[in-house]
1. Between Ile74 and Glu103, 0.36 nm times their residue separation minus their Cα-Cα distance comes to what?
2. Tell me what the chain gives for mean residue ellipticity at 222 nm when only DSSP H runs of n ≥ 4 count, each as -39,500 (n - 2.57), the sum divided by the residue total, rounded to 500 deg cm²/dmol.
3. To the nearest 20 Debye, how big is the dipole of the chain about its Cα centre, given +1 on the beta carbon of each Lys and Arg and -1 on that of each Asp and Glu?
4. Within the range 76-102, list the residues whose amide N lies under 14 Å from a label point set 7 Å along Cα→Cβ of His135.
5. How many nm is it between the label spots at Ala52 and Glu15, if each spot is 7 Å from the Cα in line with the beta carbon?
6. Taking only Cα atoms, what is the 0 to 90° angle, nearest 10, from helix 93-104's long axis to the longest principal axis of the chain?
7. Angle check, please: helix 52-73 long axis (alpha carbons) against the longest principal axis of the chain (alpha carbons), in degrees 0 to 90, nearest 10.
8. Can you tell me the length gained on complete extension of the stretch Ser82 to Glu65, counting 0.36 nm per residue apart and subtracting the Cα distance?
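Each reported figure results from applying straightforward, stated rules to the coordinates on display, with no laboratory input. Keep in mind that this is a model prediction, so the values were computed, not measured. So basically every Cβ, Gly included, is an ideal-geometry build from the backbone, and we count neighbours across all protein chains shown.
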Amino acid sequence: MYQTIIMPVDVFEMELSDKAVRHAEFLAQSEGVIHLLHVLPASASLSLHRFAADLRRFEEHLQQEAQTRLSTMITHFHIDSSRIHIHVRFGNVRDVVNELAEELSADMVVIASRNPSISTHLLGSNAANIVRHAHIPVLVVR
């Protein structure tokens, strides 16, 4: 069905993403590739020059932890692991998803979302932000 699917994942809330795994697998069918993506907040705007080395070490630790958790998530899929790629990037979730989609010429984004509440309606959520600004189809799984 789809050749390249991006699946944004919050590695610190894996239960939420588990709901979207089956949908992404179904859409990938026999030859599609799934790109798991975790986005860490960018700290480049922080001007803590004295703490730059500590900040870099902390970011590296977060990046390694996210990669480890994404690697573990690959076992949740029933498709060949060679068809699943992991990406950990820094920035705004909406922007990074769009950048990766363009970079990979992706066909679709599959993202899990909580049931909406008043706080999500007022503040917005990552899923809502992606839906509003994506240039490709987005499937939101609840």
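1. Numbers: separation 29, 0.36 × 29 = 10.44 nm, distance 2.19 nm.
Between Ile74 and Glu103, full extension yields 8.3 nm more.
2. Values: 5 runs with 63 residues, N = 142.
Mean residue ellipticity at 222 nm (helix-derived): -14000 deg cm²/dmol.
3. Numbers: 12 positive and 16 negative charges, 71 e Å.
The dipole magnitude comes to about 340 debye.
4. 95-102
5. 4.2 nm
6. The helix 93-104 is inclined about 60 degrees to the chain.
7. Roughly 20 degrees, rounded to the nearest 10.
8. Numbers: separation 17, 0.36 × 17 = 6.12 nm, distance 2.08 nm.
Stretched out fully, the Ser82 to Glu65 stretch lengthens by 4.0 nm.
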